[in-house]
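Data first, discussion second: the structure below is written as structure tokens.
The values are calculated or read from the model by the stated rules, or taken from the named source; none is laboratory data. Every value quoted in this text rests on a predicted model; they were computed, and no experiment measured them. Cβ: placed from backbone, ideal geometry, glycine included. Neighbour counts: every protein chain shown.
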Amino acid sequence: MAETFPRRSEVEQALAQILEHLVALREDFNRQFALQSQRMDALERRLEVVEQQLDAFERRMEELRQDFNQQILRLTERHEALEQRVDRGFARVEAMLGAMGARWGLMAEEAFRSGMAGILQDQFGWQVEHVLMMDADGVVFERPDQVEIDIAIHDGAHWLIEIRSSMSKADMYTFVRKVEFYERLRGVQAARRIVISPMVHPQARAVAESLGIEIYTSIYDASPHLRKREKSPTD
């Protein structure tokens, strides 16, 4: 059987077709590669933009953080300054209230004293004297100081009266020492020792009862007792 071979022209034609196909594949590959390169370039540019935006965002966040810290620091300083102002304000208010309370106490005691003196002088004819004595040896207050007996009544009999807005246990003992100092200084014996105060501590009452001190919560409570004793034939 005789072998048959393709003609040269057929071989050349087939090779030409293969080359054309390879060229087409290469061109298509180059186009795809170029397209992918463009896409990669675009992606890189977008990534660069994103990175720049992230950098800007980080810088902005850092600025905001620093600004926030500064604001917190300023608020803390203002808060501390405000606390100090409030503390100073409360201290001033407390001082004012204390001064007002002390002033009210002095005014109330002076009102008591004046009222009592007026009643005793006008209604009972008692001689009223507000006594101030210098205790150079510190017998009453354990140091040299002026001793005050709110009202000393003497017309043959001496009544020593302490008038205060409030009376504590210590105040009661102080009154006793003031009476004893008055008696020793004047050389007399107090006929009655009287405390007139709207606020007397229970412990102060116990001391008064044990020492024979009369307690009245107002001038109106004391007045009937004064009138009764004033009319007594034994006085």
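Of note:
- Boolean, Ser166 is under 42 Å from the mean Cα position of the chain (by Cα), polar (S, T, N, Q) and at pLDDT below 75: no
- Against the criterion of being free of Cβ contacts under 8 Å to residues at least 12 places away in the same chain and either touching a strand residue (DSSP E or B) at 6+ places or on another chain (Cβ under 7 Å) or crowded, with 21+ Cβ neighbours inside 10 Å (or both), Asp145 qualifies.
- Residues of the stretch 194-206 that are modelled with pLDDT under 90 and exposed (fewer than 12 other Cβ atoms within 10 Å of the Cβ): Met199 alone.
- On inspection, Met133 does not qualify as modelled with pLDDT of 80 or more and surrounded by 18 or more Cβ atoms within 10 Å (Cβ to Cβ).
- Within the stretch 207-222, one or more residues are at pLDDT 65 or above, charged (D, E, K, R), part of a strand (DSSP E or B) and surrounded by 14 or more Cβ atoms within 10 Å (Cβ to Cβ).
- Residue satisfying all of: in the stretch 158-180; small (Gly, Ala, Ser) and buried (at least 16 other Cβ atoms within 10 Å of the Cβ); farthest from Val207 (Cα to Cα) among these: Ser165
- Flag: Ala170 does not match the condition of being more than 23 Å from Asp135 (Cα to Cα), aliphatic (A, V, I, L, M) and in a helix (DSSP H, G or I).
- Condition check for Ala191: modelled with pLDDT of 80 or more, more than 23 Å from Glu110 (Cβ to Cβ) and in contact with a Phe, Trp or Tyr (Cβ under 7 Å, 6 or more places away or on another chain): yes
- In the stretch 190-211, the residues that are among the polar types (S, T, N, Q) form Cβ pairs under 6 Å with partners that are surrounded by 14 or more Cβ atoms within 10 Å (Cβ to Cβ) and in a strand (DSSP E or B), at six or more places apart or across chains, as follows: Ser197/Met167.
- Restricting the stretch 181-192 to residues that are out of contact with any Asp or Glu (no Cβ under 7 Å at 6 or more places or on another chain) and surrounded by 14 or more Cβ atoms within 10 Å (Cβ to Cβ), the residue that is farthest from Asp145 (Cα to Cα): Ala191
- Screening the candidates Met96, Met116, Met107 for the property of being at pLDDT below 80 and either in a loop (DSSP other than H, G, I, E, B) or within 25 Å of the chain's Cα centre (by Cα) (or both) yields one hit, Met96.
- Residues in the stretch 136-161 that are assigned to a strand (DSSP E or B), at pLDDT 85 or above and touching a helix residue (DSSP H, G or I) at 6+ places or on another chain (Cβ under 6 Å): Val147, Leu160.
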